[in-house]
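Take a look at the structure set out below.
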Amino acid sequence: MMNKLLIIGASGHGKVIADIAKQSGEWGEILFLDDKTEQLKVLGYPVVGKVKDTWKYIDECAFVVGVGANLTRQSLHEELASKGATLTSVVHPHAIIGDDVSIGMGSVIMAGVVINSGTRLGKGCIINSSSSLDHDNTLGDFVHVSPGSHIAGTVDIGDNTWIGVGCTVSNNVRITGSCQVGAGAVVVKDITESGTYVGVPARRVNL
Ligand SMILES: CC(=O)SCCNC(=O)CCNC(=O)[C@H](O)C(C)(C)COP(=O)(O)OP(=O)(O)OC[C@H]1O[C@@H](n2cnc3c(N)ncnc32)[C@H](O)[C@@H]1OP(=O)(O)O
């Protein structure tokens with residue numbers, strides 16, 4: 001098994017992934033590729049090049065995309081997959097993951113998360129700090145559940161949907177793909193059309 005982790009993106013989200021990877025104890029070396037930073041090290045880990053340098057590391061590293069924006073994360077993830085890169089998930093040792101939970105490749109599970117049994121996550125998801133997914137949820141690909149959000153049981157969330165910080169989603173609700181659910185929203189009914197939803201109860205807004 002590879003013991004070098006290469007994180008694409010060295011900004012805030014990438015930095016948190018590096019910290020989780022270190023705490024997991026699973027990686028001997030942690031590296032970044034980043035197109036913007038001029039820093040040689042971030043959080044003490046070397047920035048070894050730009051995203052175009054991926055090919056240099058493809059045989060020796062496992063990869064995870066450390067970009068919060070769902071569509072950008074998806075496109076980088078898919079580019080890596082098409083080049084034959086090994087994509088990996090990163091799970092904080094203080095996340096509680098129940099039995100019969102599946103986590104798609106390239107997903108990141110942060111500190112304080114609880115995921116209960118029967119829940120399925122697609123690839124490239126972010127389950128951010130102190131959020132919870134109760135039993136039998138199904139999340140598509142490249143979903144982001146922001147910090148402190150709570151998703152009750154038997155909820156479906158479609159591809160690329162972003163659940164903002166501090167949201168609540170009631171049980172048995174379906175949220176279609178490509179939605180933004182604003183900070184603090186409470187979703188109590190199915191959301192069947194992509195768009196932005198805010199408030200309590202959550203309603204669609206045209207921003
Ligand atoms: C570790 C991390 O940091 S993970 C990232 C966590 N971040 C988040 O969860 C952020 C979630 N984002 C939001 O809630 C955003 O406000 C969005 C996506 C809903 C809307 O963003 P924008 O399109 O930039 O809207 P903007 O800020 O201009 O607000 C437009 C209007 O909607 C209102 N509004 C915006 N967000 C919300 C919200 N969550 N709930 C209620 N009203 C809202 C604003 O007050 C404003 O109203 P006004 O026109 O009467 O002044």
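Annotations for the structure displayed:
- Global geometry of region 4-88, whether rounded, prolate or oblate, following the gyration tensor of its Cα atoms and the 1.5 cut on a/c: rounded
- Only aspartates and glutamates eight or more places from Lys15 in sequence, or on another chain, were considered; those with a Cα closer than 12 Å are Asp34.
- Inter-part distance where region 158-207 and region 36-80 are each reduced to a Cα centre, Å: 30 Å
- Principal-axis tilt of helix 12-24 within the chain, Cα atoms, nearest 10 degrees: 80 degrees
- Acute angle (nearest 10 degrees) that the helix 70-82 long axis makes with the longest principal axis of the chain, alpha-carbon atoms: 50 degrees
- Most to least packed among 94-101, 25-32 [average Cβ atoms within 10 Å]: 25-32, 94-101
- Distance in nm between pseudo-label sites at Ala81 and Val205 (7 Å out along the Cβ direction from Cα): 3.3 nm
- A Förster radius of 30 Å, combined with the Cβ-Cβ distance separating Asp99 from Val188, puts the computed FRET efficiency at roughly 0.55.
- Working from label points 7 Å from Cα in the Cα-to-Cβ sense, the Lys36 to Leu71 distance is 1.7 nm.
Every number in this text was worked out from the coordinates using simple rules, so none of it is lab data. Everything numeric here is computed off the predicted structure, so don't read it as measured data. Glycine gets a Cβ as well: all are built from the backbone with ideal geometry, and neighbour counts include every protein chain shown.
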